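Please treat every number below as a calculation from the coordinates, not as lab data. Owing to the predicted nature of the structure, the values given are computational and were not obtained by experimental measurement. In this analysis, Cβ positions are derived from the backbone assuming ideal geometry, glycine residues included, and neighbour counts consider all displayed protein chains.
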Amino acid sequence: MGMMTVQTYLYLDGIPADAPGRVDQPSFSFDPQGIWRFSFDDGWYAVEAAALELHRMFARVIFKGLPYNELLASTPAFIATLGHNSEAAGAKSDLEDLLGLADRIPELHRFLYLYDCQRLVSAIQECTKEIIQIQGEFYRTLNLESFFHPPMKHEDGTRYSTSPVVTKLFAFLSFLFIRMHSLLDYTVKVALEAEKLPTNFNNYPKMSSLNAQYGDRKRLGLNKESGTLFEDCEFLVTVETLRNHIIHNGLLDDMPKGYEEIKDGVATEKYLLMPDITDGRFDRCRNRNLFYGREDKLNLRLPFLVTEFLGKQEATLRLISEDLRHRHGL
């Protein structure tokens, strides 16, 4: 018989356990699919369900009044992937040649445009998976990797480390906030296409959202809708603030550090600090905007930030689907 693998539980304070002994505290456990899953509902499955519904709704609207399933059966499969996916090995010239066959492939332009819209929805699904995966890797690293190498007994008290492991933790955080903002951009693109669907498919339509970004949400009829990614709220301002700072201005700490509370030579807590933020923006004085007076331990809040974001993501996708349904009388 093979050895039984002991499940490890990752806790937000960076101290793992072999059993979920702290019943009242959220944790991560390893899913056989290869991902660390949060003990609370993080909203990922709900986003997936909402995205699948939006895939179907785009097809229903774009092919309204047409026998979609019959047409699909006679349409070459590579139309969905050419120019979008590495499984289609074709070049730009192949798509140009394909467009010359529009009179031989029924509703070719509709199918091309549908797959363009569905690619945007798929990007939301894939980006959401990245966020969930990297969040799990953040907590795996926080819990299971030593801040200091080689591991050794330290004096009691608070100590900080700068090390490759700490660098990795901050890289994970940067990726998470950047990808959250990517989802803001992608969702605006999807909503713009849904609101401005073409009616003439005599030619291959150009997408309305090609250069759209999150700031273009003001062009949406759904802009400012409560509970969505388009509402005006402190939470989304914070996501923008973090992403813009990381992209344009630098790190979340001038010298990224991981902190440990040591008792009897053993770490009893690990944490990373978030700069002080008020109304979604960094507290600023003259040229300085990274203050840590509140000792905000980001690792204790991160899963709830992700969960709140994904809740708004799901609500937004469902609202786009419902708006499509209403606009087109389905």
Checklist entry - Non-local amide H neighbours of D296 (under 5 Å, H modeled in plane, Pro and chain starts lacking H): which ones? => result M274
Item to check | Average Cα contact separation per residue, the chain, under 8 Å, 6 or more apart, as relative contact order % | outcome: 23 percent
Item to check | At R0 = 25 Å, FRET efficiency that the Cβ-Cβ distance of N223 and D41 yields, to 0.05 | outcome: 0.35
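To make sure I understand, if each residue's beta carbon is the centre and we count other beta carbons within 10 Å, what order do C127, C117 fall in, fewest to most? Walk me through the intermediate numbers first.
Working: C127 17, C117 23.
Placing the least packed residue first, the sequence is C127, C117.
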Checklist entry - What label, among (i) 73, 52, 36; (ii) 54, 48, 45; (iii) 78, 65, 39, belongs to Cα extents along the principal axes in Å computed from the structure on display? => result (iii)
Item to check | Where labels lie 7 Å past Cα in the beta-carbon direction, separation of D283 and R104 in nm | outcome: 7.0 nm
Item to check | 14 Å cut-off, amide nitrogen to a point 7 angstrom out along H328 Cα→Cβ, residues in segment 169-208 | outcome: 191-201
Next on the checklist: Quick check for you: which residues of segment 229-273 have the amide N under 16 Å from the point 7 Å beyond the Cα of T167 toward its beta carbon?
Outcome noted: 251-258
Next on the checklist: If I model a spin label as a point 7 Å beyond the Cα along the Cα-Cβ vector, how far apart are those points for S122 and A88 in nm?
Outcome noted: 0.9 nm
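Counting other beta carbons within 10 Å of each Cβ, put D13, D24 in order, fewest first. Each step should come with its number before you reach the end.
Values: D13 20, D24 4.
Sorted ascending by nearby Cβ count, the order is D24, D13.
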Checklist entry - Relative to the Cα centre, what is the charge dipole magnitude of the chain, using +1 at the beta carbon of each Lys and Arg, -1 at the beta carbon of each Asp and Glu, and rounding to the nearest 20 debye? => result 700 debye
Checklist entry - Which one of K312, K64, K129 has the biggest mean-square fluctuation once the chain is modelled by GNM with Cα springs under 10 Å? => result K64
Next on the checklist: Cut-off is 10 Å between beta-carbons; in what order do E314, E195 appear when sorted fewest neighbours first?
Outcome noted: E195, E314
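Which of the helices in the chain meet the span-like rule: DSSP H, Cα axial reach of 18 Å or more, Kyte-Doolittle mean at least -0.5? Write out the running numbers ahead of the final one.
On the way: long enough: 44-62 (27 Å, 0.67); 108-144 (52 Å, -0.03); 164-195 (46 Å, 0.96); 302-327 (37 Å, -0.13).
Those that clear 18 Å and a mean of -0.5 are 44-62, 108-144, 164-195, 302-327.
Given the rule -39500 (n - 2.57) for each run of at least 4 DSSP H residues, summed and divided by the residues of the chain, what is its mean residue ellipticity at 222 nm, to the nearest 500 deg cm²/dmol? Could the numbers behind the result be given before it?
Numbers: 7 runs with 139 residues, N = 330.
It comes out at -14500 deg cm²/dmol, rounded to the nearest 500.
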Item to check | S208 versus F30: modelled label distance in nm, points set 7 Å from Cα along the beta carbon direction | outcome: 4.8 nm
Next on the checklist: Which residues among segment 276-290 fall inside the zone where the amide N is under 19 Å from a point 7 Å beyond the Cα of E234, along Cα→Cβ?
Outcome noted: 276-285, 290
Checklist outcome for this item: Taking only the alpha carbons of segment 12-147, the radius of gyration and the largest Cα-Cα distance, Dmax, both in angstrom, are 21.6, 66
Item to check | Lys/Arg +1, Asp/Glu -1 at C-beta; the chain dipole; positive extreme among S29, G83, T307 | outcome: G83
